[in-house]
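The values are calculated or read from the model by the stated rules, or taken from the named source; none is laboratory data. In this text, all values refer to a predicted model and were calculated from it rather than measured experimentally. Cβ: placed from backbone, ideal geometry, glycine included. Neighbour counts: every protein chain shown. Areas reflect the complete protein model, heavy atoms only, side chains present, ligands, DNA and RNA absent. Shrake-Rupley method; radii C 1.70, N 1.55, O 1.52, S 1.80 Å.
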Amino acid sequence: FRSHADGAIVSAGNPARPGELLVMYATGLGTTTPAVPTGALPGEAAPANATVIVSVDGKDVAPEYAGLAGCCAGLNQVNFRVPEDVRTNTVVTVNINSGGRIANQVTLNIGPPVQQ
């Protein structure tokens, strides 16, 4: 699922905003450094060894973190920022490319930019 940095779920009523940090959870990012045994929780940050790219509405974004989530054995966490120039007030597609393997596409509700 996709969530805001505070853990609230991204939805039509609580959309993501351009520039916002989001968290996605996934599986299958591959090995990490440091290596973590199957079924174990990481004792520290364990980023994926593969190059991970998030595509938001066709715009590639390098995640701020992609690796094991600290909460659950075998669960990956991908922290990324919504591109500033993403289309707003719509639903866009998102997918993760990990070492050339593209995950299933998901959707993301994008609201208007935050007014400064």
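Output ³J(HN,Hα) for region 39-51: one whole-Hz value per residue in order, computed from phi by the Karplus curve 6.51 cos²θ - 1.76 cosθ + 1.60 with θ = phi - 60°, and x for Gly and Pro.
x, 9, 8, x, x, 8, 4, 10, x, 5, 6, 6, 6
Need one number for the chain: average projected area of the convex hull over its C-alpha atoms, nm².
Details: hull surface 28.6 nm².
It is 7.1 nm².
Output the Kirkwood hydrodynamic radius of region 48-116, Cα pairs only, in Å rounded to one decimal.
Mean inverse Cα-Cα distance, inverted, gives 13.0 Å.
What is the percent carbon and sulfur in the accessible area of the chain, measuring with a 1.4 Å probe over the protein chains and ignoring ligands?
Carbon and sulfur together cover 51 percent of it.
With +1 on each Lys and Arg Cβ and -1 on each Asp and Glu Cβ, how big is the dipole of region 1-92 about its Cα centre, in debye rounded to the nearest 20?
160
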